[in-house]
Every structure is written in structure tokens, then in C-alpha cells.
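Rule-based calculations on the coordinates, nothing more; no lab input. Quantities reported herein were computed from a predicted structural model and do not represent experimental measurements. Cβ coordinates were reconstructed from backbone atoms using ideal geometry, including for glycine residues, and neighbour counts include every protein chain displayed.
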Amino acid sequence: MVRNEAVILTARPAETGGAGATREAPDAGRVSVRRLMLRDFRSYGEARLTLTPAPVVLWGPNGAGKTNLLEALSFLAPGRGLRHARLGEADRRLRDAEGTLGAPAGGPWAVHARLEAGGDRLEIGTGRDGRAAGERRTVLIDGATARTQGELAQHLGVVWLTPAMDRLFLEGSSARRRFLDRLVYGFDPAHAQRVSAYEQAMRERARLLREGPQDPSWLAALEDTMAGTGVAVAAARGDAVQRLDQACALAEGPFPAARLALIGEIEEILARLPALAAEDELRGRLAALRHQDQESGTTALGPHRSDLAVRHAKSGMPAAEGSTGEQKALLIAIVLAHGRLQAALKGRVPLLLLDEVAAHLDSSRRRALFAALIGLGAQAWLTGTDAELFEGLRGAAQFFTVAEARIAPG
């Protein structure tokens, strides 16, 4: 999906011994990006990056394009990427003298990646479909068009932490659900398609209630879809949270142990009823709530109302009441626990995108984070403005400088 004349930027190959050599963790099951190509994505016209499976450090000044690279990688997973942006917002655009974005500077954006896991290779291409009206995304897997972007979760897990997530525990529940769903994809790849089917049926039901005419049979069909997929979504989230809660509670080291719980009305239904009976109850209650939902313009019941509750295991204090640093440390602890679980249960570690994480950690936590990433065998992508923050990864990671959307080894 990227034209052949793209500039080639190649990392130093892994060596054995010697100063600056790249030491790779012995994990044949890891999934890594071996080649990344971009076209007309954010600040990048065209670029190509060739890599080893080792962690990647991107450093350079603010606004250089580091986060844009991570966002491109985040589109290798289902959803709207780490900025939760509309597809058209990722198109490269011209800037005026004041730096304001203006008209598109090229065609629709495209991202192409070659993945490798245990010697097996996979090609993934994705981008905005410029031929279609509105927001439509194309996904190619080994050259074949995927029916839905949810198929991406069958091949690769992608988890990220960004500065915008520093307030994850303080703001609304929707961001916490998105964060949790990305973790659930690693346990249950079909979860992405169920979430999409549920949300599509919910939107269509809301439209019918709002605009009419209200066809009872069509509403019943939509509510049947919402009941089946909604219970499955809640069950998959509940299973993942239970696993993560156990793994986080046992964690040792400088990152705080966390306890996780999923709360919501649909979770209360599942706690007292088997899945089929829970579907029946949800279906019946959705039908009974039609008038209320029509007046409010919302859907009062379903997994879209659930929330992820996190607290410190030792003190029992809710995460939202901790300092910004402690909240960041809790998020890192959850991501690392998720990586350990994926390695143990699936034999693969998700791609980790860690934007400006090291700058907010003290030296002991930075060392612990780097050691954990190497121990996992994860291809983690870390960004920062100061290369010195990542000195603990020298010889174990690939370093690139980024300046004005230009990338160079170093």
C-alpha cells in the first residue's frame, strides 16, 4: 500500500557482542514488526523503516513525528487508533505560515507492516478508502481484503499508553472500556467483532427510535442482536478482568499491585443468571425501555454502560485518588501483567506502544520497566525527547532519532 520509492531507513542489524550490539531476548513466539511503511500519514509523506525484533526507542523534539509513528502502528489493531481519531484526520495536510493544518497534501493515508512471529511472516496493510464516501477503512491481510477490521485481532495484539491516558481513572468510563477492550482482544480475538456488531445494532436502534417509523419487528431483531452480542461482550470482559486481577495482585517490584473489577448492570445480570437466561433478560428489558430510550436519546442498559474499577491492592485506595505518578504506575503494572498473561496463555506478547512513559518515572521504575520489557521479549516502542532516559536500553534496543518527520538510526 506504500509506493516503492519510499525512503528506506534501516536499523543496525543485531550482532553478537561488541559495543552497541543489539541483544535480543530469547523468545521465538514474540510478534514483531520487521518492516513499517507509511504514505501520507499525518506528518509523513512516505517513509520505510526496517527493524529487528528488539524494542524500539524513538527520540527527538516535541512535534517531530514520534507519536505519529506510534499512531500508525496502532492502526494494526481494530478501532480508531491511539488518538481515537476519525480516519480523515490522519491524512497528511499542508501547514500555513502559522503552523495551522489546511488542505490535504496527498492521497488517503496508508500503513503497511510486515510482521514476524516464530519464523512466520504476515503482511498487513490498512488505510482510508479514498474511493468510498465517508469514513471507510480498508484492511488487507497477506494481500486478501478482510471482511472486517476485527480480523486484525486474530493476528496481532496492540496495547498502548499515551500522555492523554494519564487521566484515564479520572474521566468518563468510555476511555476505560476502550482500554479494557484492547486487553480483551489478546484473550479473545473475536471480541472485536462482537463489540462492533453490538455498537452497530445499538446505533441503528437509537436511530429508529429517534426518527421512526418504529417497526416493532425490526426493533426486536436489533435488540436480539444486542442481547446476544452484549452478553458475550460482557462475559469476555469479565473473564479477562478476572485473569488480570489475579496477575496484577501477585505482581512484585516497584510498580504497585492493582486489583481490578468490572462493574455495571449487565455484570449484575450475569452474576445471577447463566448466559442464555441473561440474554433473555437483556432482550426483554431493552424492549421495555424503548419509550425511555426514545425520550432520553440514549440506551439505558447494556455493556456500553460498564466500567473498569481499579484500586491499589495494598491500601485499597481507588486509582482515581492516587497521584498522577501512581496512576501511571498502575497502568504500566496492568499492561505488564497483560503481557505476562499473553506470553503464558497464548505464547505471544502484544506490541507495546509507550508514548512518553519514561519521562514520568523515577530511575528505579525506569530500570524495572526496561528489565520487564526485555524479560517479556516484547517489541515495545518507546518515545521521548531525551535519549539519556533510555540509556538502560542501550545494546538491547534499536534507537532512532526523529526530527521534522525524518527518521535516522541513532
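Label-to-label distance for Thr385 and Gln242 is 4.6 nm, based on points extended 7 Å past Cα in the beta-carbon direction. Ranked for footprinting exposure by Cβ neighbours inside 10 Å, fewest first, Tyr198, Tyr185 give Tyr198, Tyr185. Axis angle, to the nearest 10 degrees, between helix 363-376 and the longest C-alpha principal axis of the chain: 80 degrees.
Between beta-carbons, use under 11 Å as the cut-off and find the net charge around Gly322, counting Lys and Arg +1, Asp and Glu -1. Summing Lys/Arg as +1 and Asp/Glu as -1 gives 0.
The fewest-to-most ranking of Leu330, Leu345 by surrounding Cβ atoms within 10 Å reads Leu345, Leu330.
Rounded to the nearest 0.05, the FRET efficiency derived from the C-beta distance between Ile141 and His291 at R0 = 41 Å is 0.40. Residue order for Trp218, Trp109, fewest other beta carbons within 10 angstrom first, comes to Trp218, Trp109. If you work out volume of the Cα convex hull per residue in Å³ from the coordinates, which of (1) 164; (2) 126; (3) 137 do you get? Of the listed options (1) 164; (2) 126; (3) 137, (1) comes from this structure. Given axes a ≥ b ≥ c from the Cα gyration tensor, I'd like to know whether the range 153-236 is rounded (a/c under 1.5), prolate (a/b larger than b/c) or oblate. The shape class here is oblate. With K and R counted +1 and D and E -1, the other residues having a Cβ less than 9 Å from that of Arg259 yield a net charge of 0. Ellipsoid fit via the Cα gyration tensor, the range 171-346: semi-axes of 34, 17, 13 Å, each the root of five times an eigenvalue, largest first. Each label point was placed 7 Å from the Cα along the Cα-to-Cβ direction; for Arg167 and Asp129 their separation is 3.5 nm. Within the same chain, aspartates and glutamates fewer than 8 places from Lys314 are excluded, and of the rest, those with a Cα less than 12 Å from its Cα are Glu252.
Hey, what angle do you get for helix 173-187 against the long axis of the chain, alpha-carbon based, 0 to 90 degrees rounded to 10? The two axes meet at around 70 degrees. Angle of helix 216-249 to the longest C-alpha principal axis of the chain, folded into 0 to 90 degrees and rounded to 10: 50°. Of all segments of the chain bounded by GluC sites (Glu not before Pro) found in a DSSP loop with no more than 10 other C-beta atoms within 10 Å, the longest spans 99-251. Placing a pseudo-label 7 Å from each Cα along the Cα-to-Cβ vector at Ala105 and Ala85 gives an inter-label distance of 1.2 nm. Within the shell defined by Cβ-Cβ distances under 13 Å, the residues around Ala278 carry a net charge of -3, with Lys and Arg each +1 and Asp and Glu each -1.
Which of rounded, prolate or oblate describes the range 288-335 when judged by the alpha-carbon gyration tensor and an a/c cut-off of 1.5? Verdict is prolate for the range 288-335. In terms of Cα atoms, the Rg and Dmax of the range 129-177 work out to 15.4, 42 Å.
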